[in-house]
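Novice: Questions regarding the structure given below will be posed in turn.
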Amino acid sequence: MDDSRDMESSVAHVWAAERSGETNASSDKAAFTIGELSREFGVTLRALRFYENKGLISPQRDGLSRLYSQGDRTRLALILKGKKLGFTLGEIRQMIAVEEGAADTKALTLSREKCLEQIELLQRQKAEIEEGLSELFRIYTSLTGKIADQDRRAG
């Protein structure tokens, strides 16, 4: 990812929508501190250092300070979107490579297949959640009826 700074403007067109509430001032900014990114994305400093250690973002150093580029900021948005969608860091790394144009046809196919797998998983989870909610509503209604019966008998 050392040469990734050349492709910063092309990252994230497909699978990472712009963050809501993003201001033009922050998207036009050349460099961000670790604290700024931490606050903006709601992640810990430790998480940012972890992503750096894994090679997913690569801030420049100014003494002890880390300076993150617009590309690092965009990659962080991709990482967090990928995590939210249930992808592993390895899968997120592949998807970032695809977005930055550093992937071959095999990687594109793999990313596409991973998306389909994740869609199927989330659909199964959604069905299970809906089933659970239906059951809880049924139990709640039953309990509410029993409470009303007891109140009538007591009154």
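The values are calculated or read from the model by the stated rules, or taken from the named source; none is laboratory data. Note that the coordinates shown come from a computational prediction; the quantities given were computed from them, not determined experimentally. FYI the Cβ positions are ideal-geometry reconstructions off the backbone, even for glycines, and counts take in every protein chain you see.
Novice: Tally the residues that are part of a helix (DSSP H, G or I) and surrounded by 13 or more Cβ atoms within 10 Å (Cβ to Cβ), restricting the search to the range 38-58.
Specialist: So the answer is 9.
Novice: Follow-up question, since we're still on this one. Out of (1) at pLDDT below 95; (2) under 14 Å from the mean Cα position of the chain (by Cα), the odd one out for Leu64 is which?
Specialist: Leu64 satisfies all of (1) at pLDDT below 95; (2) under 14 Å from the mean Cα position of the chain (by Cα) except (2).
Novice: On to the next question. I need a count of the residues in the range 67-101 that are of a type in the set (Lys, Arg), surrounded by fewer than 22 Cβ atoms within 10 Å (Cβ to Cβ) and either outside any helix (DSSP H, G or I) or touching a residue at least 40 places away in the same chain (Cβ under 8 Å) (or both).
Specialist: Residues in the range 67-101 being of a type in the set (Lys, Arg), surrounded by fewer than 22 Cβ atoms within 10 Å (Cβ to Cβ) and either outside any helix (DSSP H, G or I) or touching a residue at least 40 places away in the same chain (Cβ under 8 Å) (or both): 1 in total.
Novice: Being exposed (fewer than 11 other Cβ atoms within 10 Å of the Cβ), within 21 Å of the chain's Cα centre (by Cα) and in a helix (DSSP H, G or I), is that true of even one residue in the range 139-147?
Specialist: no
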